[in-house]
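To start, the structure itself, in structure tokens.
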Amino acid sequence: MVIEAASSLVRRDRTLWYLLFICLVIYIFSAKGYVAVPDTDYSIETAEAIVERGQLDIPYGEGETLKAPDGRSYSKFGIGLPLYFVPIVVAGNGLSRMTGLPAQEMIGFLVSFANIPFAILALFFFAKLLRLFGIAEVQAGLLLVGLGLGTLTWPYAVFDFSEAMQMGLLMLAVYGVTRRSNPAIVAAGAAFAWLVLVKLIYVVFLPAFAIYLLTRPEELRHRLRILALFTFPLIVACGFLSWLNVVRFGSAFESGYGSEARQFIPSQMWTTVPKFLGSLETGIFVYCPILILGVLGWWEFFKRRRAEAALCLAFIIGNFIWATSWWAWGEGWTWWGPRLLVPTIPLWFLPCAFLFQGARSRRRLVLFALVTLIAIITQIPGVLVKDQEIETIKFGMLTAAEQKAAPSDYVMAYILLEHKLVLRNEVYRISEFGIPGNRELNLTGYRTFQGLNLWTELGARQLNKPALRWLPVLGLLAVLCLAIPVGKAAKADLAQN
């Protein structure tokens, strides 16, 4: 029996790694190969300033930097991201010298892959949480794939906004406090500290973490020690931020956002909450329909793991409140779906594990697998079509009357993807979008709109190497090879139960 249990554990570990490698391969071949988000440029510039001059000041950018009393400008974005970019800048400069290609293009190429490790980190600790909660292997595997490829985790893993980084750090922090061993608590505290360095607003999650750690059924002295272990990295991070703010702006309480840091408008939530839930532009359940299963599992989650359910719900609600009350909640041009909710998506999905925990029948598992497959398909347009192309068409090429007749971003992505696959050009007629008329929209002048939004496609055009377009086929073959042992393991698990 011991040998059988050990064999089962080894198989579970192997299956987990196979699934993570499948997601990793898909992410790598889905990356863009360039910096798509203007905000990211300011973090890259800060990293370059650190590497080249040992300074943090960068050229002024309206709305993106804040001027210090000495006249120098600093990026308003958290210091955690530029620090992460420092080795990427060094590597990009090295590649530039080796290849003779422009340094900025090399750095941008590497940055387009920068979120992938954190997306994998989020999936890994999501799977570890499922194991900690006693979820069966087959169900845990489906949940892992559903999260990694059937939600906005996939598009944002290959997007250079920092949401996937925030997701990975948050999941490590949640797993660490749930696991409760000393190394896990220290890792959780370090992850939370880094999360605050990336985005200061996350400091509001500290009370939820503290309440969870202090209300465990253990001796008070042990609970206080655990809380101290968790908060120590955060204290160090906040001390570093305060010092940095004094050096840059002369005040420990000036983060770089200026008056914008106070522009939360709770009164607008009457409008924004419905849009964040069900709008075709920003609805979480539109862009991630599989999360509906998570909602249905909350009752079972609370029944079985009340404290952990309360912790996760606190984070979801906190994130939802600040996202829906933020003055710039609906900024477009480089957003796909409800970007501000992306870091907590694993917590929205987690209760689904309890919905299916007792479902060992093949029929229900097949149904769950089918739902997961449909969820994956819904993410493909968001991965393969650049959302800025949609916004350029809508707000840069259509008249006011035509804009009113235009479909939502979600629907438009499907239309653009079909056109790219069938006609393989960037000349559209407005009638393709259901808009009356036959006027042509020519987007051939936009370098990153051409073809599918993948680094292999961009590289094939830039380097005049058409064979690069076929590289994703190798990725597909790798995924199929990895899927075979996963399928065998799932079959064996079902046979045992």
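Across q = 0.06, 0.12 Å⁻¹, the chain modelled as identical point scatterers on its alpha-carbon atoms has Debye log10 I(q)/I(0) values of -0.29, -1.22, in the order of the q list.
Taking every alpha-carbon pair under 8 Å whose residues sit at least 6 apart, segment 115-380 reaches a relative contact order of 27 percent. Dividing the summed helix terms, -39500 (n - 2.57) for each DSSP H run of n ≥ 4, by the number of residues in the chain produces a 222 nm estimate of -21000 deg cm²/dmol to the nearest 500. Multiplying the residue separation of residue 292 and residue 53 by 0.36 nm and subtracting their alpha-carbon distance yields 81.1 nm. Along its principal axes, segment 344-470 has C-alpha extents of 55, 42, 27 angstrom, given from the largest down. Stretching residue 362 away from residue 411 to a fully extended chain increases their span by 14.3 nm, per 0.36 nm per residue minus the current alpha-carbon distance. The Cβ shell under 15 Å around residue 89 holds other residues with a net charge of -4, Lys and Arg each +1, Asp and Glu each -1.
Here segment 159-183 is scanned for amide nitrogen atoms under 12 Å from the site 7 Å beyond the Cα of residue 228 along Cα-to-Cβ, giving none. Report note on the peptides 468-475, 163-170: ranked by the mean count of other C-beta atoms within 10 Å, highest first, their order is 163-170, 468-475. Using 0.36 nm per residue and subtracting the Cα-Cα separation, the extra length available between residue 221 and residue 399 on full extension is 57.4 nm. Centre-to-centre, using Cα atoms only, segment 160-218 and segment 288-331 are separated by 16 Å. Based on alpha-carbon atoms, the Kirkwood radius and the radius of gyration of segment 256-349 give Rg/Rh equal to 1.01. Annotated for the chain: lysine pairs at least 8 residues apart or interchain, Cα distance under 27 Å, count 27. Inter-part distance, segment 421-436 to segment 225-253, computed on C-alpha centroids, equals 52 Å. Taking a spot 7 Å from the Cα of residue 373 along the direction of its beta carbon, which residues of segment 118-151 have an amide N less than 19 Å from it? Correct set: 138-151. Taking the square roots of 5 times each eigenvalue of the Cα gyration tensor of segment 90-170, largest first, gives ellipsoid semi-axes of 34, 11, 10 Å.
Every number here is computed from the coordinates shown, using simple stated rules; none is lab data. As the structure is a computational prediction, the values presented were derived from the model and not from experiment. Positions of Cβ are backbone-derived with ideal geometry, glycine not excepted, and every protein chain shown enters the neighbour counts.
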